[in-house]
Amino acid sequence: MALAIMGLSACKKNGGTATGDGEKFFTCKINGKLREFNYHVNANDKPATDTVHFVVVGGWEKEDMVTGFGIDMQLKEGAKETTYTSNGTSNLLLSGKYYIQDIKNGKIVGTTIYNGGDLDGSSFILTITSLTKWGVKGTFSGKLKLLGGDDYVTVTEGKFSAPYN
């Protein structure tokens with residue numbers, strides 16, 4: 001637990017760099033506007049075996065953790081360096097989530113979530129470009145739908161480099 005806290009607190013405001021395979025970052029354009037989710041960028045825990053069954057990557061826009069983006073994928077056969085595409089009707093367990101904490105009078109009263117890949121009418125594309133003992137790197141894009149609503153956001157030019165916890 002202490003190591004995880006130290007690792008997260010060691011991040012610099014620009015995302016910092018990690019020892020091993022490279023820099024930590026998580027960026028994309030949402031409706032054409034560049035967004036950087038470079039605070040506390042990380043991937044899931046280091047896999048216990050050579051087969052990577054889960055790819056979970058995320059980061060926050062600011063230290064306050066109000067706005068963030070995360071990618072979740074689960075594969076029985078194991079992840080590989082390739083492109084994965086998911087929409088509301090596919091069987092692939094892959095989604096991208098853009099979320100904003102709704103704050104009123106300084107308290108979180110809810111969360112606005114845009115999902116891509118696991119809701120009808122949405123889509124999400126993840127390309128894993130590197131999957132090593134250090135972590136995972138890749139690109140992403142998609143059409144994310146407001147959870148419980150009809151609004152959408154378009155995600156383009158997404159890229160990340162995230163070390164395992």
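Read the figures in this text as sums done on the coordinates, not as results from a lab. Note that this is a predicted model, so its numbers are computed, not measured. When we count neighbours, we look across all protein chains shown, and the Cβ atoms used for this are built from the backbone with ideal geometry, even at glycine.
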### Summary
With -39,500 (n - 2.57) per DSSP H segment of 4 or more residues and division by the full residue count of the chain, the 222 nm estimate, nearest 500 deg cm²/dmol, is -1500 deg cm²/dmol
#### Entry: Mean shadow area of region 86-165 over all directions, Cα convex hull, nm²
6.8
### Message
What is the sum of charges, Lys and Arg at +1 and Asp and Glu at -1, for the other residues whose Cβ falls under 14 Å from the Cβ of ILE108?
### Response
0
### Query
So what is the relative contact order for the chain, in percent, with contacts set as C-alpha pairs under 8 Å and at least six apart?
23
### Message
Let's see if you can work this out: charge +1 on each Lys and Arg Cβ, -1 on each Asp and Glu Cβ, no other charges. What is the dipole magnitude of region 80-165 about its Cα centre, in debye to the nearest 20?
### Response
340
### Message
Checking the cross-link filter: which lysines have an alpha carbon closer than 16 Å to that of LYS159, excluding same-chain neighbours under 8 positions apart?
### Response
LYS24, LYS29, LYS33, LYS97, LYS137, LYS143
### Query
Dipole size in debye (nearest 20) for region 47-90 around its Cα centre, Lys and Arg Cβ +1, Asp and Glu Cβ -1?
180
### Query
Of THR51, LEU144, THR127, which is farthest along the charge dipole of region 44-165 in the positive direction, counting Lys and Arg as +1 and Asp and Glu as -1 at C-beta?
THR51
### Task
Compute the signed sum of charges (Lys and Arg +1, Asp and Glu -1) over the other residues within less than 14 Å, Cβ to Cβ, of LEU93.
-1
### Message
Two decimals, Cα atoms only, Kirkwood Rh: what is Rg/Rh over region 106-151?
### Response
1.16
